[in-house]
Amino acid sequence: MTTTPTWTRERPRLLGLAYSVLGTWEDAEDAVSEAWLRLQRVAGTSQQPRDVPAWLTVVVSRLALDAATTAAKRRESYVGPWLPEISVQDDPAEYVVLGEGVDLAFVRILQSLRPVDRVVVVLSDVAGMSHQEISDIVGSTPAATRQRLRRARTTLATPSSDTHAPRLVDRSHLDTLATALNAGDLGTLVEQLSEGCILWTDSGGLTRAARNPVYGSDRVTRFLAGLISKYGMPRVSAIDTAAGPVLRAVSEDMTRVVVLETGGGVEITGIQVQQNPHKIVARMPHDLSHRPERS
């Protein structure tokens, strides 16, 4: 029995799972592609899994965990804040659907966890797997995974009865902000910043950027005003990416991709500024014809 239809259907979900854990499309693609190769080796044999989607979830999760563990060592020497890679495609009709719970705000906060804890959170809160199933994947016990999940949720301040995890500002809101910014109105954005707003700039040491997060609405406002004073008001547009809507800001010095986060209300609680040219990927995740250098 062919596994191709199941693979085609499951691939976007698997990419979303791997990307959530890894934060990079190339590594996510590698994990998903390796899972496909392993499935092909056993397809049509006595080893072919009865439940192909579940089998693929296990394999991709383990591969993502291994890759995240290796990547964690590389990130120790990364210059400045590390933010998720962004896949930009001019034709929104070609976007794959990665599934609910996968966006650039969620992926960012996951990266603050140890690799195994990222996998536990994604499998529990996104994939909806049981602690027994998760423990089998990460090589632990249900009691241990339950404790890991509880600690991880505390660290991330993930949703409970009265709190909200960061999520992306929606597309219509971004369109409104883009219109205001293109009219030279920075105030519309500034008045929506929460008092505790945080701004991160990822340059990987390749472009001039803040080496540390900028905390507080006043400091964030001064930082943004300083960029505009130096390079002029950028041309801003709201665009879709493979993990949610963002702003593209084109200035005389470079093109930046700006991710706006909200805590569930109208205030902007976080701003990711991605200006590492190797992490703004102008392709779809499934397009392997070109892969940028990695930093």
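No value in this document is a laboratory result; all are computed from the given coordinates. Predicted model, so just to flag it, every value in this text is computed and none were measured. So basically every Cβ, Gly included, is an ideal-geometry build from the backbone, and we count neighbours across all protein chains shown.
Descriptive notes on the structure:
- Per-selection Rg to Rh, the stretch 37-84 - Cα, Kirkwood hydrodynamic radius: 1.23
- Over 28 Å [Cα-Cα, the chain], rounded percent: 39 percent
- A simple rule links phi to the HN-Hα coupling: the Karplus curve 6.51 cos²θ - 1.76 cosθ + 1.60 with θ = phi - 60°, which for the stretch 242-253 gives 5, 10, x, x, 9, 9, 9, 10, 9, 10, 5, 8 Hz, with x for Gly and Pro.
- Hydrophobic, long helices, defined as DSSP H runs whose alpha-carbon span along the helix axis is 18 Å or greater and whose mean Kyte-Doolittle value is at least 0.5, occur in the chain at 52-75.
- For the pair the stretch 229-278 / the stretch 33-91, the C-alpha centres are spaced 27 Å from each other.
- Order of 279, 73, 230 under a 10 Å beta carbon neighbour criterion, fewest first: 73, 230, 279
- Extension gain, residue 143 back to residue 77 (0.36 nm per residue minus Cα-Cα distance, nm): 20.4 nm
- Calculated FRET efficiency, residue 9 to residue 46, Cβ-Cβ distance, R0 = 25 Å: about 0.55 to the nearest 0.05.
- Label-point separation, residue 69 to residue 132 (7 Å along Cα→Cβ), nm: 2.6 nm
- Taking other residues whose beta carbon is less than 9 angstrom from the beta carbon of residue 149, and scoring Lys, Arg as +1 and Asp, Glu as -1, yields +3.
- Rough spin-label spacing in nm, given labels placed 7 Å along Cα→Cβ, for residue 233 and residue 62: 5.6 nm
- 222 nm mean residue ellipticity, helices alone, for the chain (DSSP H n ≥ 4; -39,500 (n - 2.57); rounded to 500): -14000 deg cm²/dmol
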